[in-house]
Amino acid sequence: MSKKGAKADNSAKIASLNSLITAQRAKITALDDAIKKLREYDTNVDYELKSHSNIKETYELDGIPYSTMASEEKTLVDSVGTDFGGVRDDMVLDLVDMSRGMEMNISCWKSEISRLSE
């Protein structure tokens, strides 16, 4: 291939790589937005009945069985919030890993552009 043909071929490859980099950066921006929203999201679940005394006054239910049920329900609701938080944190880590992988792709493509530009 002639020098002129090789240069045109390299220019086309560089343009293609630059397009990939632009698309990848857009995906990274979207991931960063998702990560930010996930980190800000409150996973706590409110216990609407509040307490045994609230149940007693609101629903006129009293006694040891209702007290025990209220306590168990509150524990369950609190654990659900904690579980949701764990899932959220795992998702954040997965998205951060994806973003880092995309950044590595960009770095490789930039190296290839530098090589083709010589």
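The values are calculated or read from the model by the stated rules, or taken from the named source; none is laboratory data. What you are looking at is a predicted structure, and each value in this text was computed from that prediction instead of being measured. Quick reminder, even Gly has a Cβ in these numbers, built from the backbone with ideal geometry, and neighbours come from all protein chains shown. Accessible surface is based on the protein model in full, side chains and every heavy atom, while ligands, DNA and RNA are left aside. Shrake-Rupley method; radii C 1.70, N 1.55, O 1.52, S 1.80 Å.
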**Asked** Given [x] 27.7, 93; [y] 28.3, 84; [z] 46.3, 145 as candidate values of Rg and Dmax of the Cα atoms in Å, which corresponds to the one derived from the coordinates?
**Response** [x]
**Message:** Just want the answer: with Cβ charges of +1 for Lys and Arg and -1 for Asp and Glu, which residue in Leu31, Leu76, Val45 is farthest toward the dipole's positive end in the chain?
**Reply:** Leu31
**Asked** Hey, rough spin-label estimate for Asp83 and Asp32, points 7 angstrom out along Cα→Cβ, what's it come to in nanometres?
**Response** 3.5
**Fill in**
Measure of exposure for Asp97: accessible area at 1.4 Å probe, Å² rounded to 10, is 90
**Request:** Could you calculate the FRET efficiency of Met69 with Val45 from 1/(1 + (r/R0)^6), where r is the beta carbon distance between them and R0 is 25 Å, rounded to 0.05?
**Result:** 0.90
